[in-house]
Structures are given as C-alpha cells and as structure tokens.
1. Any idea what the dipole of the range 30-117 comes to, in debye rounded to 20, about its Cα centre with Lys/Arg Cβ at +1 and Asp/Glu Cβ at -1?
2. For a label point 7 angstrom out from the Cα of Val116 toward its Cβ, which stretches of the range 46-89 have the backbone nitrogen within less than 14 Å?
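Any read-out appearing in this document is the output of simple, stated calculations on the displayed coordinates, not a laboratory observation. No experiment lies behind these values; they were computed from the predicted model shown. Backbone-built Cβ (ideal geometry, glycine too); neighbour counts: all protein chains shown.
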Amino acid sequence: MLLVGAGTLVVSASAVLAWPWRSGLPDPADPGTTMQDVEAAVARLLPVPEITPAELARRLEAGERIQLVDVREPAEYAQSRIPGALRVSPGAPAGAVLAEHGARMAGANVVLYCAVG
C-alpha cells in the first residue's frame, strides 16, 4: 500500500508492479514516466490516503512494516531525514525505482514524503 501523496501500489519481491490500470494513469514501466508523473496522476485520479506524523510514528512503534521513501532533493535529504528512508529523486523513472528498491518495498506499506508533506 502506498500512503501520503499517492494511491495504492502493490510491489512484489520481483519488483513487478501491480498497477491499477485506469485511463489517465501513466505506465510506470515506461522509461519516460517519473515518480512525479505517477504521484500527480494517482493524486488526481485515485483516493489518496494520508497519514499524520503522529499516526506514522504510532504505526512504526507498533512494528508495522513500513518503507519510507523520501522524494526530496539531495541537499534537503542531506540536511535531515527519517532514519531508514530511501531517497528517491522526484524525477526518477518509476520503473528504475522499482527495479532498484522493489525488494525493500515488497510486502510493506510504502509512505512517500517530501518537503510539503
């Protein structure tokens, strides 16, 4: 499950994306599709569950398997970050992100965050 600024994605251990194919959603396997494209389309077309910092902290403390993904620029990430978060460039191709980090995301609730929320 993908929370905060995106919709639900199911990521398998083989990094194959189970995508809710709908008109208007970009193909994450297309090399030209960026994380910004995916986030914008999902936010526009699908219900977007959000999570407060307090709820995220509670769920992490409860031991829920959550993979944090920081989609800020390198300088922002260098200044501060949540421990254990992956840093992914907002312009990164979605397929490349899944190829590189799909195994870490498999079976976890994936929470994206940026400077805005």
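1. For this selection, approximately 200 debye.
2. Label zone hits: 71-73.
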